[in-house]
1. Using the charge dipole of region 1-134 (Lys, Arg: +1 at Cβ; Asp, Glu: -1 at Cβ; taken about the Cα centre), state which of Gly43, Ser25, Pro56 has its Cα farthest towards the positive end.
2. Using the alpha-carbon atoms, what tilt in degrees (0 to 90, nearest 10) does helix 289-301 show relative to the longest principal axis of the chain?
3. Run a plain Debye calculation on region 571-692 (Cα atoms as equal point scatterers, no solvent) and give log10 I(q)/I(0) at q = 0.11, 0.13, 0.18, 0.19 Å⁻¹, rounded to two decimals, same order as the q list.
4. Among the lysines, select those whose C-alpha is under 18 Å from the C-alpha of Lys53, and discard any that sit fewer than 8 residues away in the same chain.
5. Beyond 48 Å, what share of the Cα-Cα pairs of the chain remains, rounded to the nearest whole percent?
6. Under 27 Å Cα to Cα from Lys325, which lysines show up? Leave out anything in the same chain fewer than 8 places away.
7. Given the whole protein assembly as supplied and a 1.4 Å probe, what does the accessible area of Glu176 come to in Å², nearest 10?
8. Which order do Arg232, Arg261 take when ranked by solvent-accessible area (1.4 Å probe, heavy atoms of all protein chains), largest first?
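The values are calculated or read from the model by the stated rules, or taken from the named source; none is laboratory data. Since the model is a prediction, treat every value here as computed from it, not as a measurement. Note that each Cβ is placed from the backbone with ideal geometry, even for glycine, and that neighbours are counted across all protein chains shown. Side chains are part of the model used for accessible areas, which takes the heavy atoms of the whole protein and leaves out ligands, DNA and RNA. Shrake-Rupley method; radii C 1.70, N 1.55, O 1.52, S 1.80 Å.
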Amino acid sequence: MPTLKVNGEEVEFEKGMTVLQVCESAGVEIPRFCYHERLSIAGNCRMCLVEVKPGPPKPAASCALPAGDGMEVLTNSEMVTKARNGVMEFLLINHPLDCPICDQGGECDLQDQAMAYGYDGSRFEENKRAVEDKYMGPLINTIMTRCIHCTRCVRFSTEIAGVEDMGLLNRGESAEISSLEQAVASELSANVIDLCPVGALTSKPYQFNARPWELKKTESIDVMDAVGSNIRVDARGNEVLRVLPRLNEDVNEEWISDKTRYACDGLRKRRLDKVFVRGADGKLAPSDWNTAFKTIADKIASLEPSEIGAIAGDQCDVESMFALKDLMGRLGVTSLDCRQDGAKLDPSVRSSYLFNTSIAGIEQADAILIVGANPRWEAPLINARIRKAWLNSPVRIGVTGEKLDLTYSYDYLGAGPETLKAVADGSHSFAETLKKAERPMIILGPGAVSRSDGAAVLAAGRAIAEATGMIADGWNGFNVLNTAASRVGGLDIGFTPGEGGLDAAGILDGAASGAVKLVYLLAADEIDAAKLKDAFVIYQGHHGDAGAHAADVILPGAAYTEKPGIYVNTEGRVQMARRAAFPPGDGREDWTILRALSDTVGQTLPYDNLGELRRAVHTACPHMTEIDAAPTAEWAPFAGDASLSDLSDAPFASTIENFYQTDPISRASETMAACTEEILSRAQAGRDAAHG
């Protein structure tokens, strides 16, 4: 390997590295504003200057300088110190003196680097340049006089997010970042707030709410989709004020979606903070836990197990689903399901419902077939990985389903299952593309597996995977894109119909016909509540959404920021969420409610604390002990007797109509409502105009 000297110490490096990267690998800090390891190199800020020998007698920008064998790099010489002082002085010429009122205060790269590398005063006596603030939508607040034109935001929106809504206008001292007074129409847009090093772009919903040193910071897991993004929840007292991304190279890198970041204001709205029981007058009235439990116990005692069903929602933790399954099992109930969208996934084979390639593995693929999915809305971070693979390698992408703007180019293969059949039997040209690829993969979205013929679609996907060489040593290209944070965990613990039991659709149809007389909804809201009007409904959850409106008894539970819990993401990675706040009012952790209810119904669950419950989970599912481990699943036959002949002719369609409002928390969020009105309405107006 080639070597160079950094401040007199010899360092080995790989060919293609820049001087800045070599210095960082050697543990030498290089200040920077425009450079970011995930973005293209711009060389705008000149803060990363170093002295290089042999070379001209002037400092060089280390971010854009390729490292060469035998170089000698000085990062703390008199020349470098003077150059950095001068760069910092120029950067601060027009910067306003508003640190006391800036939301970036305490977390500002400019503050930190001005202290470390700048002068203690300024020689600039002329008038500062003022720049008009720009409108960038309901999420991004702008104070453009602070901008130093590092262009991180422009490069992120163009390269990572795949939209061209932000750009640099004019030149020289007249240069300005702008979105042409429009909202940035990307599901990842607010990541530019984290990238901005100077406070020119800050969070509009969080504006003037708190200082960073006032907040309690809790590392947790996002549940707005099934990606399992690693997040940090910042709370003051019992109120969650903001959600920020945590670094996890295998899952979300250092990005999160706008819904993950901003739906947290919905935690304060429409909350269930009291126990309610429907009285003789047909109205829900506040009650107490003992009365509610006795009402439930009396109703259960009057029914046969076959007349009872349970449905788990999309944001449930593994522990609460395990406790409910355990309680239903002790009551003899076999009608239970965690697939409230009706997904025809096979719970008996783990590889049949996982994203087996892994999220990071997408970057290794050289051919991708997307079926019945809109990854841009269903999993924005997975879509960003696909775009990254498309940018960095000659990957060929084919799409079957709706024709959508996915931020990358693709071959549109068709709208429905007829294309899937053709690829499976080898008559379609894309089948040859998959066969020739070294690492091909298929992604079955919820629009494919949640249909009435979902099992046949699953069988077709398996046939394609096996026929085109997707299953090989060290590579499994068969992937199911789940959208519910609870889905994989629920399937892992077997929260599915037992012998003779009904699935979610069967439970709802049974309630409508009178065959099912009691339905236990564990935070399940994405259902047809009208079918439950004649059944006795118990709703345990945190928001007054569809499930609560149909309930006869409401048991207030805890949202994802208010309880510790295990979640398993779409690739099968087991992750741990931690409590950042406490539930309001009478709200309790979900498993504790079920434990208390089990006493009243005479089927006491055998765990009195979370540790005992988790030991029971680990006994039933040993892989749950491997927190954040790379997931693996053995390939085996699945999808039962379903075959290609069972496929219908109906085209595939996305199951998400509004990215910003997909669950009770985001539907209660004022910020998500503003995004719906501003961004989606504008997009719809643009589509209407395009179609005349």
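1. Pro56
2. 50 degrees
3. The computed values of log10 I(q)/I(0) come out as -0.85, -1.04, -1.12, -1.13.
4. Filter leaves Lys5, Lys82.
5. 22 percent
6. Lys274, Lys294, Lys299, Lys344, Lys517, Lys531, Lys533, Lys563
7. 50 Å²
8. Arg232, Arg261
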